[in-house]
Amino acid sequence: MKTTAIVNSNIALVKYWGKRDEKLILPNNSNISVAYDKLNTITTVEFNLDYSKDIFILDSNEITDGPVFKKTTEHLNIIRQKAGIETRAKVVSKNNFPTAAGLASSASGFSALAFAGSKAAGLNLDQRELSILARLSGSGSASRSLIGGFAEWMKGEKADGSDSYAIQIAKPDYWPEFRIIVAIISEARKKTSSTDGMNLTVKTCPLYQGWLNTIEQDLENVRKGIAEKNFTLIGSTAEFNCLKMHATMITTQPSLIYWMPETLEIIHSVLDWRKQGLEGYFTIDAGPQVKIICLEKDVEEINNKLCSIPSVKKTIICKVGKEAILTDNHLF
Ligand code: DP6
């Protein structure tokens, strides 16, 4: 059966950086994200006896080797094993934003593959099982993407990872005024993937334990900030959490500096705007793009200011995104 899923990408307010189990993709720390309503991946999967091998087409290019192809076939193998089939699959996937430039394409990509792939293989998994499947051989942050709204991926304690999955902590329509502005400064692919980057950080960064020591407080603040709609608490915690993660990246050996000069220009601007009373907070993943969280009342002014910075190529203003859906609009 041919199945197509549309999944929104997400941005972490408390980041996931470092694994306790590289094979099962289990995180060292719990983390919290919010879904974007405008950045998504659409993926069609079909298992068919006519295919002699797995075929994978991403953004109109056939991918036949490399880490993404490997992760994709491994993921299909997990689905096949669960469904008790050996049939090969065709996967066609499209992102409506630049792939692998720090906009979490792996998060929406692998969760769309898990959702569409499991359905296409005849499985009917619940949200917890899908969240676990999405991270397995896929991408940790994918475990948060299917859920929509505000999601927490619980690190879990068990060695088999059965208690490490994401849950929704606030629904997509819970906070209609919440906005995330994505400022795109470069569409180039990043040099070091999140997977390689975080493994290197865990192995070589002398500050990594400090990162882990302060995570519980950040999680508590962001949960409280969401529950009480305390935007200042969420924003200030998310911004500081991002800076702490980048401090561990920068002090990894060899150093991982995902920021470009333009990234820093936006960081300084956001800090200046805040001094002038305009409340926005930045957050940055493993890439040069800056995302700014703010409330509806300030979004236009912040966006106008951002667009007047020459290095900002484009901005995308997002609200909180919904959960993943299935559609009949197949890509092939
Ligand atoms: C900085 O989920 O892409 O975006 O599990 O190795 O595939 P793997 O990594 P990935 O890492 C995301 C890291 C981050 C922070 C976050 O999204 O929580």
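Projecting label points 7 angstrom from Cα along Cα→Cβ for MET154 and LYS23 puts them 2.5 nm apart. Straightening the chain between LEU295 and HIS330 buys 9.1 nm, computed as 0.36 nm per residue apart minus the Cα-Cα spacing.
If I build a Gaussian network model for the chain, linking alpha-carbon pairs within less than 10 angstrom, which residue out of HIS268, HIS75, HIS246 has the largest mean-square fluctuation? Comparing HIS268, HIS75, HIS246 in a Gaussian network model of the chain, the most mobile one is HIS268. Among the listed pairs LYS94/LYS314; LYS2/LYS82; LYS90/LYS319, give every one whose C-alpha distance is greater than 29 Å. Cα-Cα > 29 Å for LYS90/LYS319; rest within. Per residue, the solvent-accessible area of the chain (1.4 Å probe, heavy atoms of protein chains only, all protein chains present) comes to 42 Å². With 21 Å as the limit, the listed pairs LYS171/LYS224; LYS71/LYS119; LYS15/LYS305 have LYS15/LYS305 beyond it between alpha carbons. Running a GNM on the chain with Cα contacts under 10 Å, which residue among GLU187, GLU86, GLU46 ends up with the highest mean-square fluctuation? Ranking GLU187, GLU86, GLU46 by mean-square fluctuation puts GLU86 first. The apolar share of the surface of the stretch 178-318, taken as the fraction of accessible area on carbon and sulfur atoms (1.4 Å probe, ligands and nucleic acids excluded), comes to 55 percent. Between ASP196, ASP173, ASP218, the Gaussian network model of the chain with springs among Cα atoms under 10 angstrom shows the greatest mean-square fluctuation at ASP196.
Taking the centroid of alpha carbons for each part, the stretch 24-43 and the stretch 135-207 are 4 Å apart.
Pop the C-beta distance of ASP50 and ASN199 into the FRET formula with R0 = 25 Å and round what comes out to the nearest 0.05.
Details: r = 38 Å, r/R0 = 1.53.
It comes to 0.05.
Extension gain, SER311 to ILE167, is 48.1 nm, computed as 0.36 nm per intervening residue step minus the present C-alpha separation. Among the listed pairs LYS229/LYS275; LYS229/LYS291; LYS23/LYS291, a Cα-Cα separation exceeding 24 Å is found for LYS23/LYS291.
The values are calculated or read from the model by the stated rules, or taken from the named source; none is laboratory data. Not measured: the values here are computed from a predicted model. All Cβ positions, glycine included, derive from the backbone under ideal geometry; neighbour counts span all protein chains shown. Just the protein is used for accessible areas: all its heavy atoms, side chains included, with ligands, DNA and RNA removed. Shrake-Rupley method; radii C 1.70, N 1.55, O 1.52, S 1.80 Å.
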